[in-house]
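See structure below.
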Amino acid sequence: MRRAPEILEGGYTVLIKNRLKANEVTDPAKWDLWKIIWDCTSFEELARRAPSPVNTTRTGRRITWRTEVRWALKQGWIKKTRRTRQ
């Protein structure tokens, strides 16, 4: 049975930042996307700042900010933060 996709709203915290194999030379599209993921603090901000809907990696794989963030959540690279009432 297929799991429902992760709801991507609210804040997040980057837990792991130094293990990405891509860099500006080896995979510029992925590197540009990850720099934005690391810089943002919420999924809404990321959605506004992320590049075009689909990027293509050096190997030809299609990625979006959503696919990369879902992967990062699953792997424990980022963690959702709770919203606080004000």
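Quick look at the values:
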{"quantity": "Looking only at the range 26-57, and only at residues there that are of a type in the set (Asp, Glu) and at pLDDT 85 or above, the one that is surrounded by the fewest Cβ atoms within 10 Å (Cβ to Cβ)", "calculated": "Asp39"}
{"quantity": "Residue in the range 5-15 that is outside any loop (DSSP other than H, G, I, E, B), β-branched (Val, Ile, Thr) and touching a residue at least 12 places away in the same chain (Cβ under 8 Å) present", "calculated": "yes"}
{"quantity": "Condition met for Thr81 (polar (S, T, N, Q), touching a helix residue (DSSP H, G or I) at 6+ places or on another chain (Cβ under 8 Å) and modelled with pLDDT of 80 or more)", "calculated": "no"}
{"quantity": "Residue among Trp38, Trp77 that alone is out of contact with any Pro (no Cβ under 6 Å at 6 or more places or on another chain), hydrophobic (A, V, I, L, M, F, W, C), free of Cβ contacts under 8 Å to residues at least 60 places away in the same chain and within 21 Å of Gly10 (Cα to Cα)", "calculated": "Trp38"}
{"quantity": "Residue match in the range 8-17 (condition: surrounded by 12 or more Cβ atoms within 10 Å (Cβ to Cβ), at pLDDT 80 or above and in contact with a Pro (Cβ under 9 Å, 6 or more places away or on another chain))", "calculated": "no"}
{"quantity": "Residue check, Asn23 at pLDDT below 90 and surrounded by 11 or more Cβ atoms within 10 Å (Cβ to Cβ)", "calculated": "yes"}
{"quantity": "Breaking point among (1) of a type outside the set (S, T, N, Q); (2) in a loop (DSSP other than H, G, I, E, B); (3) in contact with a Ser or Thr (Cβ under 6 Å, 6 or more places away or on another chain), for Lys30", "calculated": "(2)"}
{"quantity": "In the range 51-82, the residues that are under 9 Å from the mean Cα position of the chain (by Cα), not in a strand (DSSP E or B) and not acidic (Asp, Glu)", "calculated": "Thr64, Trp65, Arg66, Thr67, Val69, Arg70, Trp71, Ala72, Leu73"}
{"quantity": "Subset of the range 41-50 [more than 16 Å from Leu15 (Cα to Cα) and assigned to a helix (DSSP H, G or I)]", "calculated": "Glu44, Glu45, Leu46, Ala47, Arg48, Arg49"}
{"quantity": "Filter result (among the charged types (D, E, K, R) and more than 11 Å from the chain's Cα centre (by Cα)) within the range 8-31", "calculated": "Glu9, Lys17, Arg19, Lys21, Glu24, Asp27"}
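The values are calculated or read from the model by the stated rules, or taken from the named source; none is laboratory data. Bear in mind that the values here come from a model prediction, so they are computed numbers and not experimental data. Because the Cβ atoms are built from the backbone with ideal geometry, glycine has one as well, and the counts that use them run over all protein chains shown.
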